[in-house]
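The values are calculated or read from the model by the stated rules, or taken from the named source; none is laboratory data. For clarity, every value in this text was computed on a predicted model and none was experimentally measured. No Cβ is skipped: glycine too gets one built from the backbone with ideal geometry, and neighbour counts run over all protein chains shown. Each accessible area value is taken on the protein alone, full model and side chains, heavy atoms only, with ligands, DNA and RNA left out. Shrake-Rupley method; radii C 1.70, N 1.55, O 1.52, S 1.80 Å.
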Amino acid sequence: MRPIGVLGLIIASFGIIASFRQYIRRKRILGLILWMIVWLSLGIVSIFPPIVYFIASLFSMVYGPYFIFAVSIMGLYLIVFLLYNALKGLEGQVCHLAQSIALLEYSLERSDQDAKKGGRDDSRSE
Amino acid sequence: MQKKVVVTIAVLNEQRIVGDILSRMPDWVDVIIVDDGSTDDTAKTARAHGATVINHPLNLGQSMAFVTGLRVALMDDYEVIIEMDGDGQHDPRDIPRFVDQMRKTGCDIVVGSRRLGSSYKGEPFFRRTFLPPLTKLLNWITGYQLTDSMCGYRAFKADSLRKHARLLQDMERQYAAAELFIRFSKAGLTVTEIPIHLKKRQHGASYKGLVRYGWGVARSIVRGIRWRKVS
């Protein structure tokens, strides 16, 4: 096996272990499946590089590395899209949180003022 | 004794004008200032003039600030909640006319119309040109007969908003006027208009650019239509 293959195998191993640990913490099966496909693919290509040409030929592509580029770019688009959606969701949640904080601060301020006013009224009636 | 009318104003860095607006308020109204993440002394100036001030920890958008103001106003027993802009373009002397119109017609919402009234010389081109067809589109969607759908000078019957509290949830953050009217029409709330005069801004510049404003309104309309289908 060539040095680049060894490196790919090491990275794939780390990726597999990290994905399992994430799954144990977060229980997100879809994420585990997607990342396992990525790391296993990397591992297999690292051990058997010629397999890329075979898989590329199944997609009517002559040159194996082109297939890897194409799949990588499409995968990146997907990841960016997922990140974009996640960010939008977070943005909405931050807005609601900030609004809730503002309303809570106002309620607390009002309670303090009402409590002080109540104390003053009590002392006057005494 | 609890006052019957409250005015809510969303502000962003309007330190130079907020004091003037508050000093011209009738003394029979309460005022709630929603400071939408100002970096100047807007909140301090407003408090010095006796207004209740709510601080957003960061800039959330005009419509979010408006909803915050409404939620605070609905905590008390107000009869009428009036929304106005914090840039000095709306005249506090019109407040009694909003209240009178609401009591006379019994409508849930009274909107100030720059078309029925007037606007200052030099009003931005995009506003003069695009607001009328936009209002027509909203009228077609909602069934209302508005002449000015985007004016931020409006009065709401507090009881109507209390009955339909879900109307104020999850709205467009910045330009929710269109979405609001679509939601109101679905809830069966009635709307009327009164003429108002829009003054020229004395300090600062509007944060609404043509592209941002147009995109925000388009988004607001789409959100309103989607909400109407789902609810």
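General remarks:
- Selected residue [touching a Pro at 6+ places or on another chain (Cβ under 6 Å) and either hydroxyl-bearing (Ser, Thr, Tyr) or in a helix (DSSP H, G or I) (or both)] from A:Ala98, A:Ala70, A:Ala56, A:Ala115: A:Ala98
- Single residue of B:Gln62, B:Gln15 found to be in contact with a helix residue (DSSP H, G or I) (Cβ under 9 Å, 6 or more places away or on another chain) and either more than 14 Å from chain A (Cβ to nearest Cβ) or open to solvent by 40 Å² or more (accessible area, probe 1.4 Å) (or both): B:Gln15
Let's see how each residue does on (1) under 30 Å from B:Gln169 (Cα atoms); (2) more than 13 Å from the chain's Cα centre (by Cα):
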site	(1), (2)
A:Tyr23	no, no
A:Leu32	no, no
A:Tyr53	no, yes
A:Ser57	no, yes
A:Ile68	no, yes
A:Ser72	no, yes
A:Asn85	yes, no
A:Ala98	yes, yes
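- Qualifying positions in region B:69-108 - open to solvent by 20 Å² or more (accessible area, probe 1.4 Å), within 14 Å of chain A (Cβ to nearest Cβ) and within 23 Å of B:Ser38 (Cα to Cα): B:Arg71
- When B:Trp140 is tested against the conditions (1) open to solvent by 10 Å² or more (accessible area, probe 1.4 Å); (2) in contact with a helix residue (DSSP H, G or I) (Cβ under 8 Å, 6 or more places away or on another chain); (3) among the hydrophobic types (A, V, I, L, M, F, W, C), the lone failure is (2).
- Pick from region B:48-59, criterion more than 10 Å from every other protein chain (Cβ to nearest Cβ) and aliphatic (A, V, I, L, M), ranking: least open to solvent (accessible area, probe 1.4 Å): B:Ala51
- Helices (runs of 4 or more DSSP H) lying entirely in region B:144-231 (those with 3 or more residues that are surrounded by fewer than 19 Cβ atoms within 10 Å (Cβ to Cβ)): B:158-163, B:210-230
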